[in-house]
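Note sheet for the following structure.
Read the figures in this text as sums done on the coordinates, not as results from a lab. Predicted model only: the values in this text are computed from it and were never measured. We place every Cβ from the backbone using ideal geometry, glycine too, and count neighbours over all the protein chains shown.
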Amino acid sequence: MHEVEEKGLQFYRFDHMADCTDLSHAVFTRLGGASAPPFDSLNVTFGLGDNPNDVHLNRRRILQTIGGGAMVFLHQVHGNRIIVVDGQSSTNGVEASRPAADALITSAPGLLLTIQVADCQPILLYDHRRQIVANVHAGWRGSLSDILGRTVAVMVAECDCRPADILAGIGPSLGPCCAEFRNYRTEIPKSFWAYKDDRDHFDFWAVSVDQLCAAGLRRENIEVSRTCTRCAANRFFSYRADKTTGRFAAVIGLNP
């Protein structure tokens, strides 16, 4: 990933997607927004205790920076439901419908699929051949249910994608340096214990890479940011670091 600053906002783009002229994507930092502490400052999520007017303003700033379109949000529930949206699903800018799910797929230009995170993995997918994009919210529960593999399977079944054509970007999230699971014996199936070190820290970045490869993606088409949100809590929201905090946005969409 490389850092970009436009219109006062700082965000990151994945290197292997940056030259795709028909694609808009960005992983925004927590900087440059209107929200007051502890949601300072580019919080994009309602219902956390932040001033709703500030959240509205933050979403508008992101939309202006990206260059317009309609932001599509989910009510993220740490599950494995996947929604395929079209151009009629949401057309009112920053205030889109919020179905309960954790992944979005579209072929409609102008829709900015938006995932909101503060330690979970935002994972952007792009099929350049079929012109399909997806955005996935993968918390540890979503990883255990293979939401990534399920999303790729929907892209194949409903959008005629070929996994080998899909580019994937795994955004800033809780890294193996900080992903401690003290109760892993009751929370995490034994089949995932191979991703654990002797400190009971799990490498869910590696889990995601392996799940994407198992779904048919090429390893060279998967870019991992390797930025831990807890370690970089001054730049990204982190629930593990701060508990009461905001959510930063990861967005992807096809240009109109």
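If you keep only loop residues by DSSP, which trypsin sites (Lys or Arg not before Pro) in region 1-51 have at most 15 other Cβ atoms within 10 Å of their Cβ?
Listed in order of number, the matching sites are 7.
Would you mind putting 38-46, 213-221 in packing order, based on average other-beta-carbon counts within 10 Å, highest first?
With the highest mean Cβ count within 10 Å placed first, the list reads 38-46, 213-221.
Rounded to whole Hz and in sequence order, give me ³J(HN,Hα) for region 11-23 from the Karplus expression 6.51 cos²θ - 1.76 cosθ + 1.60, θ = phi - 60°, writing x for Gly and Pro.
Once θ is set to phi - 60°, the couplings for region 11-23 become 8, 10, 10, 6, 4, 7, 10, 5, 8, 7, 5, 8, 10 Hz.
Just from its helices, what would the mean residue ellipticity at 222 nm be for the chain, if runs of 4 or more DSSP H residues each count -39500 (n - 2.57) and the sum is divided by every residue, rounded to the nearest 500 deg cm²/dmol?
After summing the helix terms and dividing by the residues of the chain, the value is -5500 deg cm²/dmol.
Considering only DSSP beta bridges whose two residues both sit in region 2-254, what percent are antiparallel, to the nearest 5?
Given both bridge residues lie in region 2-254, the antiparallel proportion sits at roughly 75 percent.
Report the label-to-label distance for residue 157 and residue 18 in nanometres (one decimal), using points 7 Å from each Cα along the Cα→Cβ vector.
Taking the two extended label points, one gets 3.7 nm.
Determine, for each peptide in 145-152, 225-232, the mean count of other beta carbons within 10 angstrom over its residues, then list the peptides with the highest first.
Result, highest mean first: 145-152, 225-232.
Could you please report the charge total around residue 205, scoring K, R as +1 and D, E as -1 over all other residues with beta-carbon less than 12 angstrom from its beta-carbon?
On the way: positive: 226; negative: 203, 210, 223.
Residues near residue 205 contribute -2 overall.
How many nm separate the modelled label positions at residue 182 and residue 244, each set 7 Å beyond the Cα in the direction of the Cβ?
2.2 nm
Give, rounded to the nearest 20 debye, the magnitude of the charge dipole that the chain has about its Cα centre when Lys and Arg contribute +1 at Cβ and Asp and Glu contribute -1 at Cβ.
The dipole magnitude comes to about 420 debye.
Select one label from (1) 42, 19, 16; (2) 25, 23, 16; (3) 32, 19, 17: the one whose number is semi-axes √(5λ) of the Cα gyration tensor in Å as derived from the coordinates shown.
Read-out taken from this structure: (2).
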